[in-house]
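The values are calculated or read from the model by the stated rules, or taken from the named source; none is laboratory data. Computed from a predicted model, the values in this text were never measured in an experiment. Neighbour counts run over all protein chains shown; Cβ positions are idealised from the backbone, glycine included. When the accessible area is computed, the model is the full protein with side chains, heavy atoms only, and any ligands, DNA or RNA have been set aside. Shrake-Rupley method; radii C 1.70, N 1.55, O 1.52, S 1.80 Å.
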Amino acid sequence: GAYVLALLLPAVLYCRRIRIPTYNAFPLSQPRDTRIALAAIPITLMTVVVGAYTASAMSVFFAAFGLYPTSPVSAVPTGVVPFVLYFLSSAVLPAIVEELVFRGAIMQSLRRFGDTFALFVSSLLFGLVHGNLVQAPMAFVTGLAIGYFVLRTGSLRTGMAIHFVNNALAVVLSAISASFSINGQQTITSIVYVVYLLSGFIAITRYSNMFQLHASNTVMSIRGKLTAFFSTGLMLALLALLAFTTSKYFLVI
C-alpha cells in the first residue's frame, strides 16, 4: 500500500497540477499494432542482457576504487501463499503502477517537448529511483525499450505486458535457481541470456520499420532541454536524495 501511494499519488497530483487530460496521461487503449506489441516483449528482454552487462561494467569501474555496488536482496518465499504474495508485489504491482507513473504521467506529459526527450528523461528517472547501481543501469536500458514501444503502439498496455513478463520471469528464475550452487546459477543465467538475445534478434528481423520516433519541433536542442529540466530546484533536490540513497548500497573494501 505504501509503495502504491508513494508512486501513484504524486503522479496523479502532478497530472492535475499541469491539467493534462487523463486519457492523455494514461493511454490505456488497445495497442495500435498488436504484432509489434507482442514483438516488443522479446526485444525488451534482449535489452535486459545489455543492461546486465552495463551494470557489470560499472561494478568493475567502481571496484578499481575499492567500491562495490550492491542492491537489496530478498529471498524468494517457499510457501505457496507467501510466494503468491511475493509474485504479486514483485511482478504484478510494478507492471501496473510503475508503467502508469513513468511511461504514463511522466513520459506522456513531456512529449510536448519531443518524444526523444520524453523517452530519455522518463527512462533515466525510472532507473534512478531504483536507488542502487546494480538495478539502475538495467532499469534505464529496459525503460528505454519499454517507453519506446509504448510510444510506438500508443498504449500503456504494451508497457504493462512487457514489464510483467520481465519481472515474472525474473521471479520464477530466482525461485528455480535458489536451490543451485553459484556456478549452477551462473550457468542458468547464461542460458537465459542467450535465449533472450536470440528471441529478441528474431523479433527485430521480422519488421523492417520497427524503430521510428516522431521528430521534435521544439526550438531548444535535446541538450538544452535536459539542462533546463535537471537544473530546476526540485529536480536538484530529488537527484541529491537519490544520490544519498544510492550511496548506501556500496560495499567499501
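Of Val195, Val172, Val165, Val252, which residue is touching a strand residue (DSSP E or B) at 6+ places or on another chain (Cβ under 7 Å) and of a type in the set (Val, Ile, Thr)?
Result of the check over Val195, Val172, Val165, Val252: Val252.
Counting just the residues of the stretch 7-46 that are assigned to a helix (DSSP H, G or I), β-branched (Val, Ile, Thr) and open to solvent by less than 50 Å² (accessible area, probe 1.4 Å), which one comes out farthest from Val252 (Cα to Cα)? Residue satisfying both the conditions and the ranking: Ile36. Hey, among Val101, Val49, Val4, Val92, which residue is at pLDDT 95 or above, surrounded by fewer than 19 Cβ atoms within 10 Å (Cβ to Cβ), in a helix (DSSP H, G or I) and of a type in the set (Val, Ile, Thr)? The match here is Val92. In the set Tyr148, Tyr207, only one residue is surrounded by 12 or more Cβ atoms within 10 Å (Cβ to Cβ) and in a loop (DSSP other than H, G, I, E, B); that residue is Tyr207. Looking only at the stretch 120-145, residues that are open to solvent by 20 Å² or more (accessible area, probe 1.4 Å), part of a helix (DSSP H, G or I) and within 25 Å of Leu13 (Cα to Cα) come to 5 in all.
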